[in-house]
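Report on one structure; see the data block that follows.
The values are calculated or read from the model by the stated rules, or taken from the named source; none is laboratory data. Keep in mind it's a predicted model, so treat the numbers as computed, not measured. Every residue, glycine as well, gets a Cβ built from its backbone with ideal geometry; the counts of neighbours run over all protein chains shown. Only protein heavy atoms, including side chains, enter the accessible area calculation; ligands, DNA and RNA are left aside. Shrake-Rupley method; radii C 1.70, N 1.55, O 1.52, S 1.80 Å.
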Amino acid sequence: MISAHKIALDPNNVQETYFRQAAGTARFAYNWALHQWQQQYDAWKSDPTLPKPSEAALRRQLNAIKREQFPWMLEVTKNAPQMAIIHLGQAFQNFFAGTAAYPTFKKKGRHDRFTLTNDQFAIQGSRVHIPKLGWVRMHEPLRFMGKVLEGTVSRTADRWFLSVTVEMPDPPSVRRENQAVVGVDLGVSALATLSTGERIRGPKAYATAQKQLRRLSQHFSRQMEAAKMRAGLAPGQPIPKGMVIPWSKNMQKTQRRMARLHARIANIRDHALHQLTTMLVERFDVMAIEDLNVAGMLKNHKLA
């Protein structure tokens, strides 16, 4: 059995700068490899004698040129670019298997992360050792005992987390004496309705935070209009293509507050789902769940 433990980190300014550099290196390597993959695949279709692209070949290609063309990559762990290309290879495998969409280029500031193999980091109590950085404090020690497979450092809002994947022995199978069976009906107005008649209401995290989120959004819009006027644009004038509006310190603070609020909404929803799934597993031996496209239902404005 493979389990993951996501732990909050407490980096200082130097360590946070390293995290951003490593995440940026991973993002650049992923985008570079995706561009090379597309070019090499088009060349292979035109001339089948050429080799087809692969993540192993792209990793060798990057290692051969990074010291000359991308020397800044050497400032962070070698796992950052290498694991990013491996993840691209897995993304293409999922695409060809029909289980995922075609890989797209990553954007700065979204899903910032980098992955470390188990031989490149070490956990000791409530701290983790990262290559070329040293020890970083964690908010709690690792809960699981087993073989550590890999670790991923990621950013949510303005906080950094370490997700550690651990391989553990499979727990003994438990079969309940009553062998209770339940049907679960997923919905939009209610999180789930059980065949026992129980109705599980989901937390209205977004509705609760909507007033505060609206106020922050309006505040940020006014700050953006002021920044546009400082840049020489008329009030209400759209930003010309290619023009970059410099953000003030207060704009950055407002953006961080909005990101924290969105992260809090996501955490509340995840917590409710964890509670629901744990309750179902503990109470029932067999579960039947209807196959509904809930995401598609939410796109219908009459249902959502």
query = Could you count how many residues in the stretch 53-106 are touching a strand residue (DSSP E or B) at 6+ places or on another chain (Cβ under 8 Å) and open to solvent by 70 Å² or more (accessible area, probe 1.4 Å)?
reply = 0
query = When the residues of the stretch 248-270 are filtered to those that are without any contact (Cβ under 8 Å) to a residue 24 or more places away in the chain and over 17 Å from the mean Cα position of the chain (by Cα), which remaining residue is least open to solvent (accessible area, probe 1.4 Å)?
reply = GLN252
key: ASN293 vs. criteria open to solvent by 50 Å² or more (accessible area, probe 1.4 Å) and either at pLDDT 90 or above or under 24 Å from HIS111 (Cα atoms) (or both)   = no
inquiry  = Exactly one condition in (1) assigned to a loop (DSSP other than H, G, I, E, B); (2) of a type outside the set (Lys, Arg); (3) touching a Pro at 6+ places or on another chain (Cβ under 7 Å) is false for GLU225; which is it?
reply    = (1)
query = Could we say that LYS106 is touching a helix residue (DSSP H, G or I) at 6+ places or on another chain (Cβ under 7 Å), assigned by the TED database to the domain that holds LEU58 and within 16 Å of GLY24 (Cβ to Cβ) here?
reply = yes
task = Could you please give the count of residues in the stretch 271-290 that are acidic (Asp, Glu), open to solvent by 70 Å² or more (accessible area, probe 1.4 Å) and in contact (Cβ under 8 Å) with a residue 60 or more places away in the chain?
result = 1
